[in-house]
Every structure is written in structure tokens, then in C-alpha cells.
Amino acid sequence: MKQVVFVGNHKEFDALRLGLRVARALQAGNREVVLGSIKGKLPAHVGVETLTVAVASAKNLAAAFKKAGVKRVISLASLPACEAAALAKLPYIYVEPENFKEEKTVKNKKAILQKAKKVLVIGDGTKALNKKMYGANALRVKNPAIWVEHFSGVRPACFKKQNNLVAQGKLLKGSGMDSLLAAWAVLAQLHPTWHLTILGEGPQKTALKKLVTKYHLQDSVEFSAEEDAANLLAHADIYLHPAVDSAEQVLDALASKLPVIAADSLAVRELIVPADNGYLVAAGDTKAWQQALDELMVSWPLRVGLALQAVKMRDRFPLEVFVSFFED
């Protein structure tokens with residue numbers, strides 16, 4: 001049975017990141033899968049067949065699904081994909097994070113979700129789900145950790161001492177990357193063998209590149225695309241998350257045996273235990289970033305100790321359990 005994993009395009013929820021992992025996992029289980037999105041939103045190489053449309057209207061999507069021979073729709077934060085599935089008389093599963101808000105109000109959301117075969121709400125809330133909104137087939141599920149295998153099953157990612165820092169996040173105003181670069185402007189002179197890679201895209205990328213030039217950091221800072229994440233994490237020593245938005249990528253870094261320094265936020269506090277598996281610093285506090293980074297950079301045993309604790313998050317948020325909800 002051919003199925004499409006269709007990913008919505010939202011600032012607060014990285015549906016592509018999760019959709020790609022789900023599609024690959026289903027494909028590995030001998031399922032016929034295509035990854036769907038609005039044209040221009042998918043990376044060049046994703047490892048699975050893709051399906052794109054110019055405009056994500058229900059009518060356009062329904063026609064695309066029929067033409068591709070799709071028999072089931074898995075929608076990650078795309079209500080138009082659910083509408084299209086209903087229009088094409090296809091079964092569909094809908095996924096969204098708890099307390100998610102669409103960028104454009106969808107008046108008939110309740111009716112759409114009531115018809116879904118399954119609604120998965122990603123979250124750790126303790127209150128009962130609103131079944132009047134989500135429907136009788138709604139389930140709350142844990143946010144899955146994306147595991148990146150590095151060198152072996154026991155060695156942390158930082159074992160090889162490659163002196164690499166990876167900072168990840170959407171390059172938006174208020175992302176905290178500017179404060180991080182200001183901190184790195186001081187540390188780069190003290191630690192000339194270390195290198196910082198900023199991973200992500202966004203409207204502030206040009207402004208951040210200008211800061212790199214201003215601080216004379218061209219030799220120690222580079223920018224990279226999201227599709228390079230697995231390779232970069234595999235050769236990183238420390239993971240940095242300067243933004244105060246969702247903690248999905250922080251969970252991936254922890255599951256990948258990386259010590260983490262993150263801006264303090266409610267979402268991150270659920271994952272980071274200070275001095276146990278990482279550090280929390282005040283958002284935008286340049287001196288705090290300098291202190292935390294310097295402490296980890298000079299102490300390899302400290303990095304390894306944090307990394308070994310960090311990997312325990314993998315068992316709390318397994319990807320395999322999440323993927324099992326999409327089995328036939």
C-alpha cells in the first residue's frame with residue numbers, strides 16, 4: 001500500500017525533520033512511501049521518493065495523491081493534506097504537537113480531525129486530551145528522539161576530540177545566534193584549533209554572516225544546510241542551542257551522545273539537567289555563553305561525562321515507538 005508522509009511548513013514545528021525520519025523508517029520496513037510537501041520546501045536528497053505541489057490546496061493535493069497512486073495519507077501538521085485525503089476518499093492520520101497553533105486559522109479543523117483514522121498529539125501533558133477537538137481516535141505520544149549513530153554503541157560523539165562545535169536553529173530574529181557569535185569572537189582567539197558550524201536557514205542568515213565578518217571569524221565559522229545535520233553531529237564535540245523555541249533538535253543531540261549548552265527555556269528544561277547532561281544559560285547572555293563554552297572546551301573528561309548521561313534520553317523518547325503508530 002503506497003502512502004504519503006506530507007509535511008506542513010511551520011515556524012514552530014519542524015515537520016520536515018520528523019516526516020523525513022518517519023518516511024525512512026517506514027521504507028526500511030518494506031513500506032512503499034513518498035515524502036510530500038509544497039514545492040521548494042524539500043532538500044535535494046532525502047533518500048525517498050518525493051511528491052510536491054505548487055499550492056497546498058485540498059483540491060490540488062487530492063489530484064496529486066490520486067495521480068501518484070497513494071492509498072493512505074500521514075499528515076504532519078498539514079490540515080490541507082487531511083482535507084485532500086477526505087476529498088480523495090483516502091484514510092489519513094494527523095500529527096501535531098500539543099498546543100499547536102496553525103499559522104492560518106482553519107475553521108473546519110474539528111470536523112477534519114473527527115474523520116481521521118488516528119490523531120497523534122506530540123506532548124508530555126498530564127491532562128486528558130480534548131476529544132471534542134481531536135476526535136475519539138486521538139492519542140498523546142512522546143516526542144521521538146532521532147538517533148544518530150556515531151562511532152560505536154558505547155563511545156560518545158566527542159570521543160575523537162575533533163574540536164567541533166555545532167549550533168543549530170532557525171536563523172530568525174531573536175534566535176540567539178548573534179549572542180553566540182559575540183561570545184565566540186572572544187573564545188576563537190583563546191581556542192584557535194576549534195571550529196563552529198551554524199546549522200540552519202532563515203531570514204537572518206545574511207545579517208549573521210555580516211557579524212562573522214565584523215568579528216573576523218571567517219576562519220573559524222561556517223554555515224551549513226539542514227541536510228548536513230547527521231554528518232555534522234557525527235563529528236561534533238559540543239552541541240549549542242541558543243534559541244528559546246522548541247527543543248526537538250536538542251533531544252536529537254542528547255540522543256546522539258552530545259553534551260549540550262542551551263538557552264534556558266521551559267521546553268529545554270524538560271531535557272537538560274544542569275551539570276548532569278548539559279548546561280543551561282540565560283538567553284542572549286554573551287558572558288554566560290563564554291563561560292559555559294570555555295569550561296567544556298578545555299575539559300574532555302567533562303564533555304565525555306555529560307555525553308554519557310545525555311544518551312539516556314534516547315530510551316525515554318524512542319523513535320521506534322513513534323513509528324509503530326503508523327504501521328498498517
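The values are calculated or read from the model by the stated rules, or taken from the named source; none is laboratory data. Remember, it's a predicted structure, so these values are computed and weren't measured experimentally. Using ideal geometry, Cβ is built from the backbone for each residue, glycine included, and neighbour counts are taken over all protein chains shown.
If you check VAL244 against the conditions, is it under 19 Å from the mean Cα position of the chain (by Cα) and not assigned by TED's automatic domain parsing to the domain that holds GLY202?
Numbers: under 19 Å from the mean Cα position of the chain (by Cα): yes; not assigned by TED's automatic domain parsing to the domain that holds GLY202: no.
Here the answer is no, as VAL244 does not meet what is asked.
Does any residue of the range 22-41 turn out to be at pLDDT below 85 and either acidic (Asp, Glu) or touching a strand residue (DSSP E or B) at 6+ places or on another chain (Cβ under 8 Å) (or both)?
Within the range 22-41, one or more residues are at pLDDT below 85 and either acidic (Asp, Glu) or touching a strand residue (DSSP E or B) at 6+ places or on another chain (Cβ under 8 Å) (or both).
Can you pull out every residue in the range 284-303 that is aliphatic (A, V, I, L, M) and either at pLDDT below 90 or exposed (fewer than 14 other Cβ atoms within 10 Å of the Cβ) (or both)?
Of everything in the range 284-303, just one residue is aliphatic (A, V, I, L, M) and either at pLDDT below 90 or exposed (fewer than 14 other Cβ atoms within 10 Å of the Cβ) (or both), namely VAL298.
Of the residues GLY200, GLY174, GLY169, only one is out of contact with any helix residue (DSSP H, G or I) (no Cβ under 8 Å at 6 or more places or on another chain) and at positive phi; which?
Among GLY200, GLY174, GLY169, only GLY174 is out of contact with any helix residue (DSSP H, G or I) (no Cβ under 8 Å at 6 or more places or on another chain) and at positive phi.
Say we look at the range 186-217 and pick out the residues that are within 21 Å of LEU232 (Cα to Cα) and over 28 Å from the mean Cα position of the chain (by Cα); which of these is surrounded by the fewest Cβ atoms within 10 Å (Cβ to Cβ)?
First, pick out the residues of the range 186-217 that are within 21 Å of LEU232 (Cα to Cα): 187-188, 191-202, 205, 208-209, 212, 217.
Narrowing further to those that are over 28 Å from the mean Cα position of the chain (by Cα): 191-193.
Values: HIS191: 17, PRO192: 11, THR193: 9.
Restricting to residues being within 21 Å of LEU232 (Cα to Cα) and over 28 Å from the mean Cα position of the chain (by Cα), the top hit is THR193.
Can you name the condition, by its number, that ASP252 falls short on among (1) within 19 Å of ASP124 (Cα to Cα); (2) acidic (Asp, Glu); (3) at pLDDT 90 or above?
The failed condition is (3).
When both residues are 6+ apart or on different chains and their Cβ atoms are under 8 Å apart, which pairs have a first residue that lies in the range 285-305 and is in the same structural domain as ALA182 (by TED's automatic domain parsing), and a second that is in a loop (DSSP other than H, G, I, E, B) and of a type in the set (Phe, Trp, Tyr)?
As it stands, the answer is MET297/TRP194, since those pairs meet every condition given.
Listed here are the residues, each with its yes/no results for (1) crowded, with 20+ Cβ neighbours inside 10 Å; (2) of a type in the set (Lys, Arg); (3) farther than 22 Å from ALA138 by Cβ.
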site: ALA63; (1), (2), (3): no, no, yes
site: GLY69; (1), (2), (3): no, no, yes
site: CYS82; (1), (2), (3): yes, no, no
site: ALA85; (1), (2), (3): yes, no, no
site: PRO91; (1), (2), (3): no, no, no
site: LYS101; (1), (2), (3): no, yes, no
site: VAL106; (1), (2), (3): no, no, no
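If I filter the range 243-261 for residues that are surrounded by fewer than 21 Cβ atoms within 10 Å (Cβ to Cβ) and either among the aliphatic types (A, V, I, L, M) or without any contact (Cβ under 8 Å) to a residue 40 or more places away in the chain (or both), do I get at least one hit?
Within the range 243-261 (the criterion being surrounded by fewer than 21 Cβ atoms within 10 Å (Cβ to Cβ) and either among the aliphatic types (A, V, I, L, M) or without any contact (Cβ under 8 Å) to a residue 40 or more places away in the chain (or both)), the answer is yes, since at least one residue qualifies.
What about ARG269, is it of a type in the set (Lys, Arg), out of contact with any Asp or Glu (no Cβ under 8 Å at 6 or more places or on another chain), in contact (Cβ under 8 Å) with a residue 60 or more places away in the chain and over 22 Å from TRP194 (Cα atoms)? Working first, answer last.
Numbers: of a type in the set (Lys, Arg): yes; out of contact with any Asp or Glu (no Cβ under 8 Å at 6 or more places or on another chain): yes; in contact (Cβ under 8 Å) with a residue 60 or more places away in the chain: no; over 22 Å from TRP194 (Cα atoms): yes.
Taking the combined requirement at face value, the residue does not satisfy it.
Output the residues belonging to the range 272-283 that are surrounded by fewer than 23 Cβ atoms within 10 Å (Cβ to Cβ) and in contact with an Asp or Glu (Cβ under 7 Å, 6 or more places away or on another chain).
Correct list: LEU280, ALA282, ALA283.
From the list LYS41, LYS107, LYS118, exactly one residue is in the same structural domain as TYR134 (by TED's automatic domain parsing) and touching a helix residue (DSSP H, G or I) at 6+ places or on another chain (Cβ under 8 Å). Which is it?
Of LYS41, LYS107, LYS118, the one residue that is in the same structural domain as TYR134 (by TED's automatic domain parsing) and touching a helix residue (DSSP H, G or I) at 6+ places or on another chain (Cβ under 8 Å) is LYS41.
Take the residues of the range 213-229 that are of a type outside the set (Val, Ile, Thr) and part of a helix (DSSP H, G or I): which is farthest from ARG303 (Cα to Cα)?
Taking the candidates together, the pick is LYS214.
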